[in-house]
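The structure appears right after this line, and notes come after that.
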Amino acid sequence: MPRLVLSLVVIFVTGLLHQDALAAETVRFRDGEVEREVTAEILVEAQDGGLMLQSDDGRIWTLQPEVIDNRESNGEDLTPIDADEMERRMLAEMNEEFQVYRTAHYVIVHNGSDAYAKQVGALFEQLYRNFFTFWKNQRWDLPEPRFPLVALVLRDHRAFLSHAGAEIGETAESVIGYYHLASNRMTTFNVPDWERNVATIIHEATHQLAYNCGLQRRFADNPMWVSEGLATFFESPDRRNPGRWRNIGRVNHVNLARWHNYLGHRPQESLATLLADDTRFRNSSTATAAYAECWALTYFLIKTRRKEYVEYLQMLSAGRPLAERTQRERIEMFETAFDTTLVELDKDFLTYMRRVR
């Protein structure tokens, strides 16, 4: 089963009025039986009073009007909390068996060994450096994250299921890690197979970085082929390296093998269905091929049409929360960005990828 970025079910409020973030507000609301009060910036406000807001720890809340008890503006911009405060809040939220290991850019909350937390932390920082260097080399100077990056690293599968099951339900049974769009945290556990572990950590941490540096915007219309294509492009293991990962953009041999298997029965409209919507990723019978194809397409575009690909990502990054494009709009946006038709690009795509080994 491919690793999946968690796709949350968003409560869509009626009559959305999209707006840029304004002054911070203190919002008091009911979250089930829990009363919460958060300092946040309003991302989207509906005509009926519903809100999508981003709190000072980076979490995004989507609230129906009936759960909101009070809101007050302080007239100032939102000030994100620092790593010290994030550590304090995380330890208060988790039970007493958890501790925190900090790196330059991550707050790692774990209930396993210190040695493993340090190993994972070193991998995070290696990705962080390579990630920003990669995009700088593409002449895209991305801003560093506004909020501290939080990673939950569980000691084993049982601990993972206990935590993840409460957060993402039955999906926890079929993944070994995920990035959560609302909480802005990534979660994984210590998988005995280090190579698989590394691929998962890099994959999910890539999602987290992409959504925290402006490359992608949470809850905007981010096609899954783009999100998963980037994560699989970044995750490719390096078996010649002791750490099993060294840099970005190596051939992902797992997905390459799946791609070659798919070619024998790949339908003519495959590229169109990949771009038009996310259906193929959400169906267990088509997900493996969809992941393989999105990796292959991303690899092809970065290797052969890098400038246009970066410009396409920049167009997507300007999307607003909860604003969805139609299938036709998605395809037209792609064709405009690459100044071609899907038919012509698909021919070049297949020709190029048949030579990749």
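Residue check: is MET90 surrounded by fewer than 18 Cβ atoms within 10 Å (Cβ to Cβ), assigned by TED's automatic domain parsing to the domain that holds LEU152, within 18 Å of THR187 (Cα to Cα) and not acidic (Asp, Glu)?
Criteria not met by MET90.
Can TYR101 be described as buried (at least 17 other Cβ atoms within 10 Å of the Cβ), under 24 Å from the mean Cα position of the chain (by Cα) and either hydrophobic (A, V, I, L, M, F, W, C) or within 19 Å of GLY214 (Cα to Cα) (or both)?
Criteria not met by TYR101.
Being surrounded by fewer than 18 Cβ atoms within 10 Å (Cβ to Cβ) and farther than 26 Å from GLU170 by Cβ: is that true of ARG266 here?
Numbers: surrounded by fewer than 18 Cβ atoms within 10 Å (Cβ to Cβ): yes; farther than 26 Å from GLU170 by Cβ: yes.
Considered against the rule, which asks whether it is surrounded by fewer than 18 Cβ atoms within 10 Å (Cβ to Cβ) and farther than 26 Å from GLU170 by Cβ, ARG266 comes out as yes.
Restricting attention to region 136-148, does a residue exist that is touching a strand residue (DSSP E or B) at 6+ places or on another chain (Cβ under 6 Å) and modelled with pLDDT of 95 or more?
Filtering region 136-148 down to residues touching a strand residue (DSSP E or B) at 6+ places or on another chain (Cβ under 6 Å) leaves 148.
From what is left, the residues that are modelled with pLDDT of 95 or more are 148.
There is at least one residue in region 136-148 that is touching a strand residue (DSSP E or B) at 6+ places or on another chain (Cβ under 6 Å) and modelled with pLDDT of 95 or more.
Name the pairs: first residue in region 138-159 and over 24 Å from ILE248 (Cβ atoms), second residue part of a loop (DSSP other than H, G, I, E, B) and among the polar types (S, T, N, Q), Cβ to Cβ under 7 Å, at least 6 apart or on different chains?
LEU154/ASN111; ARG155/ASN111; ARG155/ASN190; ASP156/ASN190; ALA159/ASN111
Given (1) touching a residue at least 12 places away in the same chain (Cβ under 8 Å); (2) outside any strand (DSSP E or B); (3) among the basic types (Lys, Arg), identify the lone condition not met by ARG71.
The single condition ARG71 does not satisfy is (2).
Condition check ((1) part of a helix (DSSP H, G or I); (2) in contact with a Cys (Cβ under 8 Å, 6 or more places away or on another chain)) across all residues:
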{"position": "PHE219", "(1), (2)": "no, no"}
{"position": "GLU228", "(1), (2)": "yes, yes"}
{"position": "GLY249", "(1), (2)": "no, no"}
{"position": "LEU256", "(1), (2)": "yes, no"}
{"position": "HIS265", "(1), (2)": "no, no"}
{"position": "THR273", "(1), (2)": "yes, no"}
{"position": "SER284", "(1), (2)": "no, no"}
{"position": "LYS303", "(1), (2)": "yes, no"}
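It is to be established whether one or more residues within region 273-286 are buried (at least 19 other Cβ atoms within 10 Å of the Cβ), modelled with pLDDT under 95 and not hydrophobic (A, V, I, L, M, F, W, C).
no
The values are calculated or read from the model by the stated rules, or taken from the named source; none is laboratory data. Note that the structure is predicted; figures quoted are calculated from it, not measured. Using ideal geometry, Cβ is built from the backbone for each residue, glycine included, and neighbour counts are taken over all protein chains shown.
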